[in-house]
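The values are calculated or read from the model by the stated rules, or taken from the named source; none is laboratory data. Note that the structure is a prediction, hence the values are computed from the model and not measured. Heads up, the Cβs are rebuilt from the backbone with ideal geometry, glycines too, and the neighbour counts pull from every protein chain shown.
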Ligand SMILES: [Zn+2]
């Protein structure tokens, strides 16, 4: 009798596993996501907070009283990427694998314009890496990362750009993200990253996502400091050649040499005044 029951159990388990695997191939990693999210929820709801006391102060010199006026931190930037992958499936696999890179993004947009969300907007995805924009050196904490599925050379499909615009509209409204704060990975990591390549930034700016320069450009004064202007816009100027290339990837595109031509300087001067 006992062995019969065991036999039944051993038969049922593989069937259940097969059913769950065939209905959702991401069931295992979804489970890991839920467990990790639960852990972070514990950190947020701990009363008093865990490991936030001031070690250099005596216990009787610090206390905890919960305020009733607070909210959850919100993203203030959107950073766009291209995946450098061949399919959404491949991208999803990369973002669900525990390994060397351990990268992720909040959203992935396929070539067909379909959107896959992979991290809650309120959580920190690993998409920005080491980078800087203005004085913000932890863009993963302050931004939403959007990965556009693209191998790094192919053009973006119209469906995909439409998908990007739809997400940006929602995010801008939902989190009150300033127009200037829609930027690319190459903007925040000029020495490391070239993505998103040849992106239609002007088209996005016309819709209110990111800034663009005016049609009519005034010449800058002779004392115009191009390095300072790049810094004011947000670029990390510790490697000035890389900063110039990143600026040109975003705003010039037809030429990305690490030198500012007279026409590049007109664009830079115009944008610098917008960012001031
Ligand atoms: Zn990137």
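Quick test for you: out of 229, 189, 242, pick the one residue that is modelled with pLDDT of 95 or more, within 16 Å of the ligand (Cβ to nearest atom) and not assigned by TED's automatic domain parsing to the domain that holds residue 144.
Going through 229, 189, 242 in turn, the sole match is 242.
Can you name every residue in segment 172-186 that is in a helix (DSSP H, G or I), surrounded by 21 or more Cβ atoms within 10 Å (Cβ to Cβ) and more than 12 Å from the ligand (Cβ to nearest atom)?
The answer is 181, and nothing else.
Tell me, please, whether a residue that is free of Cβ contacts under 8 Å to residues at least 24 places away in the same chain and touching a helix residue (DSSP H, G or I) at 6+ places or on another chain (Cβ under 8 Å) can be found in segment 27-38.
yes
So which residues in segment 192-209 are under 19 Å from residue 254 (Cα atoms), more than 16 Å from the ligand (Cβ to nearest atom) and in a loop (DSSP other than H, G, I, E, B)?
200
Could you check segment 93-106 and list, in sequence order, the residues that are within 16 Å of the ligand (Cβ to nearest atom), in a helix (DSSP H, G or I) and either farther than 30 Å from residue 45 by Cα or over 14 Å from the mean Cα position of the chain (by Cα) (or both)?
94
Do you know which residues across segment 116-133 are more than 16 Å from the ligand (Cβ to nearest atom) and touching a strand residue (DSSP E or B) at 6+ places or on another chain (Cβ under 7 Å)?
116, 117, 121
Restricting to segment 69-85, and then to whatever is surrounded by 13 or more Cβ atoms within 10 Å (Cβ to Cβ) and away from the ligand (no atom under 13 Å from the Cβ), can you tell me which residue is farthest from residue 246 (Cα to Cα)?
74
Residues to consider are 150, 120; find the one that is farther than 17 Å from residue 197 by Cβ and touching a residue at least 60 places away in the same chain (Cβ under 8 Å).
One residue alone meets the criteria, 120.
Specify which of the listed residues (31, 38) is closer than 18 Å to residue 122 by Cβ and either at pLDDT 95 or above or not assigned by TED's automatic domain parsing to the domain that holds residue 90 (or both).
One residue alone meets the criteria, 38.
Taking the criterion of being in contact with a helix residue (DSSP H, G or I) (Cβ under 6 Å, 6 or more places away or on another chain) and over 21 Å from residue 198 (Cβ atoms), would at least one residue in segment 264-272 satisfy it?
Yes, segment 264-272 contains a residue that is in contact with a helix residue (DSSP H, G or I) (Cβ under 6 Å, 6 or more places away or on another chain) and over 21 Å from residue 198 (Cβ atoms).
Which is away from the ligand (no atom under 16 Å from the Cβ) and touching a strand residue (DSSP E or B) at 6+ places or on another chain (Cβ under 9 Å), of 55, 136, 89?
Exactly one residue qualifies, and that residue is 136.
Check residue 76 against each of (1) at pLDDT below 95; (2) touching a helix residue (DSSP H, G or I) at 6+ places or on another chain (Cβ under 6 Å) and name the one condition it does not meet.
Only one criterion in (1) at pLDDT below 95; (2) touching a helix residue (DSSP H, G or I) at 6+ places or on another chain (Cβ under 6 Å) is unmet by residue 76, namely (1).
Scan segment 241-257 for residues that are touching a residue at least 12 places away in the same chain (Cβ under 8 Å) and surrounded by 14 or more Cβ atoms within 10 Å (Cβ to Cβ) and jot them down.
242, 243, 244, 245, 246, 247, 248, 249, 250, 251, 252, 253
Here is a list: 168, 204. Which entry is surrounded by 13 or more Cβ atoms within 10 Å (Cβ to Cβ) and over 21 Å from residue 247 (Cβ atoms)?
It is 168.
Anything in segment 107-121 that is loosely packed, with under 15 Cβ neighbours inside 10 Å and not in a strand (DSSP E or B)? List them, or say none.
112, 114, 120
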